[in-house]
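First up is the structure itself, then whatever we jot down about it.
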Amino acid sequence: MKWPFESISASDVSAMPPALRLKLDGAIALAVAQLGIGLEIAAKPEEGKREQAAAIVRAASAEAANDPDYVAVRRVSVKISAGVAGYSIDAREDGDGGQIYLPRKWVLKRQLQADKLFATTARGMSMFPRVHEGDTLIVDTSDTRHRTGEVFAINHEGEFTLKRLVRRVNHWWLHSDNPDQTAYPPVMCTDRTITLGKVVLMQAEHL
């Protein structure tokens, strides 16, 4: 298999100290797994074009609330509960201020609507190493169209989860990014799998 990384060579990885090599193992395993199931590995971003979520997401404050250059997005803890139509989302403030703020230009550039967005905190390790416990994720509830390889907030049989959608053998599957596929195996979507929205931004708590 061709070495899939443009920014670092196989020999560079082999020469790394064990501690640093360990940190890369998860990312390397994920990339190889993506190649195996036919997902495209993202191209290296152009210099200066990559946006840092930490610089985009702004914590709630009186100054942020009164800044016309920013728009408010509700920060919630998502609870799936039984409802008349099968399931409904009970969104409650998660205790971290109730709102975050995103640059208005950033939202408009992506043709997003602030009232269709919500921010939530990642739980569990199913999307490691891309997503860590405690990371803040922005979900666009207006975008539920399935696209292979992209990450969505999902209500799967009454459980709220974040998964990468993959189309295989005429079926949609929920994939975890965690390279431990024994602990986090792919799950086929059913008629009780409801797409809540696409993840459009992540603010990482770990580098």
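The values are calculated or read from the model by the stated rules, or taken from the named source; none is laboratory data. Please read all numbers here as calculations on a predicted model, not as lab measurements. Neighbour counts are summed over all protein chains in view; Cβ atoms, including those assigned to glycine, are modelled from backbone coordinates with ideal geometry.
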Among (1) at pLDDT 95 or above; (2) of a type in the set (A, V, I, L, M, F, W, C); (3) crowded, with 18+ Cβ neighbours inside 10 Å - the single one ILE100 does not satisfy | (1)
Any chance the range 150-165 includes a residue that's part of a loop (DSSP other than H, G, I, E, B), without any contact (Cβ under 8 Å) to a residue 24 or more places away in the chain and surrounded by fewer than 20 Cβ atoms within 10 Å (Cβ to Cβ)?
-> no
Taking the range 99-132 and keeping only residues that are more than 17 Å from ILE154 (Cβ to Cβ) and without any contact (Cβ under 8 Å) to a residue 24 or more places away in the chain, one is left with LEU108, LYS109, GLN111, ASP115
Output the residues belonging to the range 168-183 that are loosely packed, with under 14 Cβ neighbours inside 10 Å and assigned to a strand (DSSP E or B).
-> ARG168, HIS171
